[in-house]
1. Say whether the condition of being closer than 30 Å to B:Tyr74 by Cα, under 30 Å from the mean Cα position of the chain (by Cα) and within 11 Å of chain B (Cβ to nearest Cβ) is met by at least one residue in the range A:671-681.
2. Test A:Asp641 against the criterion of being surrounded by 20 or more Cβ atoms within 10 Å (Cβ to Cβ), outside any helix (DSSP H, G or I) and of a type in the set (D, E, K, R), and give yes or no.
3. Could you figure out which of (1) crowded, with 16+ Cβ neighbours inside 10 Å; (2) modelled with pLDDT of 90 or more; (3) over 24 Å from B:Tyr246 (Cα atoms) isn't true of B:Ile125?
4. I need a count of the residues in the range A:764-783 that are in a loop (DSSP other than H, G, I, E, B) and either within 13 Å of chain B (Cβ to nearest Cβ) or surrounded by 15 or more Cβ atoms within 10 Å (Cβ to Cβ) (or both).
5. Among the residues of the range B:68-90, count how many are crowded, with 16+ Cβ neighbours inside 10 Å, out of contact with any Asp or Glu (no Cβ under 9 Å at 6 or more places or on another chain) and more than 30 Å from A:Thr685 (Cα to Cα).
6. On the given criteria, is A:Lys722 more than 7 Å from chain B (Cβ to nearest Cβ) and in contact (Cβ under 8 Å) with a residue 40 or more places away in the chain?
7. Could you list, in sequence order, all residues of the range B:87-143 that are of a type in the set (Phe, Trp, Tyr) and in a strand (DSSP E or B)?
8. What's the total number of residues in the range A:593-639 that are among the charged types (D, E, K, R) and in contact with a Gly (Cβ under 6 Å, 6 or more places away or on another chain)?
Amino acid sequence: MKRYHILLLYSFWIFAFTGSISANPGETGRFTISGHVKDAATGEVLIGATVFETSLKSGVATNPYGFYSLNLPSGSHTLRFSFLGYKTQNKEIDLTNDVTIDIALLPENSELGEVEIRSERTNDNVIKPEMGTIRLDVNTIKHIPALLGEVDIIKAIQLLPGVQSTSEGSTGFSVRGGNSDQNLIILDEATVYNASHLMGFFSVFNNDALKDVTLYKGDIPAAYGGRLSSLLDVRMKDGNAKKFKATGGVGTVSSRLTLEGPIIKDRTTFVVSGRRTYADLFLPFAKDKQVRDNKLFFYDLNLKVTDIINEKNRIYFSGYLGRDIFKNQFAEMGFGNTTGSFRWNHLFSSKLFLNVSAIYSKFDYNLGSPTGDANAFNWFSNMRDHNIRLDFTYYMNSNNTLKYGWITTFHEFEPGTARGTSSASIFTEFKLPAEYALEHGIYLSNEQKIGANLTLKYGLRITAFQNVGSGTYYRFDSLFNPIDSVVYGKLDFFHTYKGLEPRFAFVYLLDEYSSIKGHYSHTRQYVALAQNSTAGTPLDIWFPSTPNIAPQVADQFSLGYFRNLLDNSIETSVEVYYKKVGNVIDFRDHAQLLLNQYMEGELRIGKGYSYGVELMIRKDKGKLNGWVSYCYSRSWRILKDINDGNRYPAPYDKPNSVNVVLNYTVNKRIEASTTWVYASGLPVTFPTGRAVIGNAILPIYSDRNAYRMPAYHRLDLAVSIKEKDKHWKKWKGEWNISIYNAYNRKNAWTINFEYDPKDIYTTYAVKTYLFSIIPAITYNISF
Amino acid sequence: MVKDIFKAENRVNGRLFRKLSLLPLMLMLLMTAVSCTERIDIKLDDSYTRLVVEGQLSTDTMAHAVVLTTTTSYYDPQAPPPVQGATVTLFDGKDTTYLTETRPGYYMTEPDFYGVPGKNYTLNIRLREPIGGHSDYSAQSFLHPVAPLDSIGMQFHGDWGSKGVWDVKCYVMEPPTVDYYRFLIYKNHELFTKIIRYWFVTDDKFFNGVYAKGATVSYFRQDNEHEILNAGDTITVEADNITKEYYNYVLEVQTEVQGTNPLFGGPPANVKGNISNGAIGFFSTFDLTRKSTITPSR
């Protein structure tokens, strides 16, 4: 049975592969227009730009590599190339054979070229069969007020309806009530396992190195899987193909420098971008000698090289390296991600696009005491992914676009080793056994236009997850006590999970300005994060599904109404969703998740469900732009062994939330922006009684998450001022001034119940809040 | 906020190296710079009243106590009410010992009583009136023998903190069995670690079956007024070989007494003791070993 299943998997894939390779290159009387859409100023390819045939109303969007392909009948056509923030270009063409058209779009604010091109508004959001999908361009993100002036894409996506931060100032996020480990975060196809710096206050993404950010809240494309809640697809810049350029900034907490340019003009480009915080650089001036030796900083380094070998082949190398380092006289700690991806785009024909990726991703941490005496020790943990994927896009005809591919990942987990570092050490080595697993996926999906008003997107992803030796597998009794363990030899495939993940979406156009969309998806998640606190720490480890832990599964349904007003200048949408999660993981009371070989015995498995409605009004163009959203959402869990089996609110259940993001262009030099967020407080467990134990007050608690923190709200302001252009100045400068938490709301980070140390019977509640009003200033420069 | 740091410190140290306690301290450096605390009013509901039991039996020859109280509402400004007039007995598998209520809620053995390693003890309580729907409660605990401490030592770290830190270390041949320890510290023969949050409990994960030479069991921070040590002060370390259940219980109580934050630890949860019928508290039995040393001059 097992063999049969695997065979089916591969034959399905081979069928899809050979099917399109050998497909008839052209139906009679039809030809294909293909090419890349670029930014005219920098040569960067544009992701998601629209190519639209105006009379047939047939269109396609560029893929993540800027490529498009459109099959049309012979004859004359008007093609419209458009992208948000760029001037739309129309192109007349008389189609008599297959042609390649590369288009360079001018940025709207560019001073390049005096050609008068009208900027058109489009109804892309209404016609695309995409739901719960939001693309943010890096420019929009740059103007959103940021904590300490550090522009951060994850903080920006937390302002979207259905996305919540996990705690104040944190880059952890919850999508539609899910856990933060249910988001797949990829940077140029490489998984980023821990996207946070400095206890989560900053993310690993340096905005200067990025081009495009897309969040899929529900309708995750069949090409991706392995997480239940969302996909955050982050793409790095390719580098300026026209000229060498440097941009940088000096901010309140960090400085940045990005260099980019052509190595071989219009063929090979590079971008290298670095960022480092520097609070610790002032430590040497401290009076206290111990403080002078402290270290507390993080850095990021992004590198990308793109080479256009010829019209049919392009290669990309992207790398990321980031690390946080803390050190004082007692302890040192480091953690960070390393990712690398090598990609090759190949065009078999103007209709068949292939991307091959080889990807490496690593997250590791170490901590220890550097004292060198008998107490000195080192503790380290890491996980690595080695990943190969093939992704085909077959632009079959103007009504069908087929995507299919195969992905295999080899996961390595080293959950933790601790040992003394000195020869006189008092500690024996303690090592948790390493775990290995293979994760496979193959998929096939089609986007099919049926008539003028209906577009369907349907697909199937087949996944398998195999535990591979060498490894130690512990068995537990019904009370979660370990009974025995089985040791498996090298390359012993000792357990396999497999499953089907169907995806379906439709859009039905009611008229040119409105549509109804719907979606269903089934997702499966084979790895999870052992994180028991709301914000988490870098020490939290990822662990694979094993015979003890079945993969988490989710079914999500959503339905939406999209309507554009005032000739597409205002976009509105209403989306409702229902999500059912099976095998949801939570942890027993007082779980011990670190350095515990029986960690699996601390897990409890149950089910969950969430539902909600998301309203959004968005205006992308004009002097005043931005969005306002409201979301009502609930998220529940039911686990037999937690809260006496009664339903309780999931950790990130926030029923009401409002986001306001407004940006106002005062004039060519000055831009002002503001954000206001409101969210119900997180659910919490509070005491409903107490006992005196060991001369201390022991709280007796309510049901799990029966109470709620006070509501969270905050106003941020920012203004950016470009320096006047002076002919003698070679550079362009820009000041960014921001105020975080402008009306100084004391939002509770945590609420504790304490007793008076002088009289333990006097008890009271104490709230801790993190950020009061925080101004920040950043100076950005480019030349 | 400084208080929060020590909460986090204590939270971690239970099962990991004692030294790790310093880690969250650094991680929270950033937060100390930006965070503040203030009292707020939170209305809380009341749940039903439960019996609270604190009972200990060691191998010392003395009057051992079982203390009975009840839970109260969270903001109750008084000491918990004692539970009087109960019948409290200890059973060692053969003999039953009756405890006498010497003051309200305190039930004592005779002063010549002592626990014997290798025995399984049962505590039985019968209340005059039911609490939380039950009148009869019981608990069992095995008394594990302890390997005697070889010696203890003290080391002064002059460069730690603003006034230095005394580091109390113990030397012991740890047996190959899986063991759990509680360390209590006495200063000049008076119990110094009176409050449960200052107890140090550990498993033997990193020491099992080896000679632990100089494992730190306590610190005295000299910048903290009540921890100041003078040359000539007698410091005594008591090592108790406790049961696994009691070890978990102490860690859980420490966690709950110290409060929560979004970084460390899971959601708050009720602590499970070993008393039947939903009572709060624990009946623990343990063998103990003590060693003393005189604080040297620096």
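1. Quick first cut of the range A:671-681, residues closer than 30 Å to B:Tyr74 by Cα only: A:679-681.
From what is left, the residues that are under 30 Å from the mean Cα position of the chain (by Cα) are A:679-681.
Narrowing the set further to residues that are within 11 Å of chain B (Cβ to nearest Cβ) leaves none.
Within the range A:671-681, none of the residues are closer than 30 Å to B:Tyr74 by Cα, under 30 Å from the mean Cα position of the chain (by Cα) and within 11 Å of chain B (Cβ to nearest Cβ).
2. Working: surrounded by 20 or more Cβ atoms within 10 Å (Cβ to Cβ): no; outside any helix (DSSP H, G or I): yes; of a type in the set (D, E, K, R): yes.
No: the conditions fail for A:Asp641.
3. (3)
4. Taking the range A:764-783 and keeping what is in a loop (DSSP other than H, G, I, E, B), we get A:770-773, A:783.
Next, only the ones that are either within 13 Å of chain B (Cβ to nearest Cβ) or surrounded by 15 or more Cβ atoms within 10 Å (Cβ to Cβ) (or both) stay: A:770-773.
Total satisfying the criteria: 4.
5. 2
6. Numbers: more than 7 Å from chain B (Cβ to nearest Cβ): yes; in contact (Cβ under 8 Å) with a residue 40 or more places away in the chain: yes.
Yes.
7. At the first step, the residues of the range B:87-143 found to be of a type in the set (Phe, Trp, Tyr) are B:91, B:98, B:106-107, B:113-114, B:121, B:137, B:142.
Correct list: B:Phe91, B:Tyr98, B:Tyr106, B:Tyr107, B:Tyr121, B:Tyr137, B:Phe142.
8. Kept after step one, since they are among the charged types (D, E, K, R), are these residues of the range A:593-639: A:600, A:602, A:604, A:607, A:614, A:618-621, A:623, A:634, A:637.
Next, from what is left, pick out any that are in contact with a Gly (Cβ under 6 Å, 6 or more places away or on another chain): A:607, A:614, A:637.
Number of matching residues: 3.
The values are calculated or read from the model by the stated rules, or taken from the named source; none is laboratory data. Since this is a predicted model, take the numbers as computed values, not measurements. Please note: Cβ atoms are built from the backbone with ideal geometry, for glycine as well, and neighbour counts cover all protein chains shown.
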